[in-house]
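Have a look at the structure below before the remarks.
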Amino acid sequence: MARPEIKDDRREQILDAFEMCVARYGLEGATLGKTAEIAGLARPLIRHNVGNKEDLQEALVERFLTRSREAMEDLLGSLPEGNRLEALLEILFDPRSANPQLVLVFNALSAAAPDDAVLAAQLQQWLTDFVKRLEAEIARGCPNAPAGLVEAAAAGVSGIYFNVEALYPIGISDRFVASSRKAAHLLIAALETGND
């Protein structure tokens, strides 16, 4: 019997390969055979260490959601006490923070969600959590802004951010990224006017 750490390493190797496969071929096109090929393993080892394709998908989704939440926690934990909101926007719209493969995985999961109610609910909750965390940071940075405007600004900044993230894989220009960052800053600046 394999030692637990070897089994865990093998599982991560398989999930890494499946993630690459999903990013490259979409969820429908990601097969056990292609995953085994990318991982450099025999197909039976995929089944032995993770399971069938449904098990792989479930593990991938859980890993994606967990890593995304951890990344958000790390990001928020790294923000300075002063100018937190400014620092947050700079990091969100920094191309060096982007992970095009994860964007492609998210796109593949999103494309599969209409036919999978559980997956759709997981992604909706993930989005809600992200927007709520952003909303809390905006409220913290703009304490006098009305709640409705804070909510609208969080939705707008999230929309701009996810749009930019979705476009990174096609190689968008630095100018577009800078303009998107500026648009996010303008939404935050609008909170100071207090117009609903």
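The values are calculated or read from the model by the stated rules, or taken from the named source; none is laboratory data. Just so it is clear, the model here is predicted, and its values are computed rather than measured. Positions of Cβ are generated from backbone atoms using ideal geometry, with glycine treated the same way; all protein chains shown enter the neighbour counts. The protein model used for the area step is the full one, side chains on, heavy atoms only, and it has no ligands, DNA or RNA in it. Shrake-Rupley method; radii C 1.70, N 1.55, O 1.52, S 1.80 Å.
Filter segment 154-175 for residues that are farther than 16 Å from Leu85 by Cβ and within 20 Å of the chain's Cα centre (by Cα) and give the result.
At the first step, the residues of segment 154-175 found to be farther than 16 Å from Leu85 by Cβ are 159, 162-175.
Gly159, Phe162, Asn163, Val164, Glu165, Ala166, Leu167, Tyr168, Pro169, Ile170, Gly171, Ile172 - these are the residues of segment 154-175 that are farther than 16 Å from Leu85 by Cβ and within 20 Å of the chain's Cα centre (by Cα).
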Contacts under 9 angstrom Cβ, first residue in segment 116-129 being touching a residue at least 12 places away in the same chain (Cβ under 8 Å), partner open to solvent by 60 Å² or more (accessible area, probe 1.4 Å), 6 or more apart: Gln122/Glu62; Trp126/Arg69; Asp129/Arg69
For the subset of segment 178-193 comprising residues that are over 18 Å from Pro143 (Cα atoms) and out of contact with any helix residue (DSSP H, G or I) (no Cβ under 6 Å at 6 or more places or on another chain), which member is surrounded by the fewest Cβ atoms within 10 Å (Cβ to Cβ)? Ala178
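Conditions (1) of a type in the set (Asp, Glu); (2) more than 22 Å from Leu167 (Cα to Cα); (3) over 23 Å from the mean Cα position of the chain (by Cα), marked per residue:
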site: Val22; (1), (2), (3): no, no, no
site: Gly29; (1), (2), (3): no, no, no
site: Gly51; (1), (2), (3): no, yes, yes
site: Glu62; (1), (2), (3): yes, yes, no
site: Leu79; (1), (2), (3): no, yes, no
site: Glu90; (1), (2), (3): yes, no, no
Pairs where the first residue, in segment 160-184, is among the acidic types (Asp, Glu) and the second is surrounded by 15 or more Cβ atoms within 10 Å (Cβ to Cβ), C-beta under 6 Å, 6+ apart: Glu165/Val103
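Does Val164 fit the bill of being of a type outside the set (Ser, Thr, Tyr) and in contact with a Phe, Trp or Tyr (Cβ under 9 Å, 6 or more places away or on another chain)? Walk me through it before giving the result.
Details: of a type outside the set (Ser, Thr, Tyr): yes; in contact with a Phe, Trp or Tyr (Cβ under 9 Å, 6 or more places away or on another chain): yes.
Here the answer is yes, as Val164 does meet what is asked.
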Condition met for Gly148 (within 18 Å of the chain's Cα centre (by Cα), in a helix (DSSP H, G or I), in contact (Cβ under 8 Å) with a residue 24 or more places away in the chain and farther than 30 Å from Ala59 by Cβ): no
Checking the conditions here, which among Val118, Val157 is at pLDDT 95 or above, part of a helix (DSSP H, G or I) and surrounded by fewer than 17 Cβ atoms within 10 Å (Cβ to Cβ)? Val118
